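The block underneath contains the structure these notes are about, expressed in structure tokens.
What follows draws every value from the coordinates through simple rules; no lab data is involved. Not measured: the values here are computed from a predicted model.
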Amino acid sequence: MTPHELAERVAAAAADKKARDIVTLEISAKTTIADYFVICEGDTDRQVRAIVDSIEEACRDVGVRPLNVAGLSDASWACIDLDSVIAHVFLPGERTYYNLEALWSAPARERTG
């Protein structure tokens, strides 16, 4: 599975749990930590956890396991490191505060449908 395909799978898994404002940033030209960020938000800490669970399950189905999952204790910002893709699942206020899209100034692809 290519990094792009994995990023699409992550975005689809987030959408399955009604994540809002799903954006995929291609960051491969800016850093070596990953090829893509998938950024989205949930309305509550419970929804953030459900989105993370959905992403983990969708990746596990194709043999991809997270290197690390962080932030589930308070679930205001959860991060799933899938090596070539890093998923960030925020509560709305946290996403606005950290503003990763602007910080990385990378080409964004919003998920539609």
Based on Cα positions only, what radius of gyration and what Dmax would you give for the chain, in angstroms?
12.5, 34
Where is the GNM fluctuation largest for the chain (alpha-carbon springs, 10 angstrom cutoff): 39, 27, 51?
27
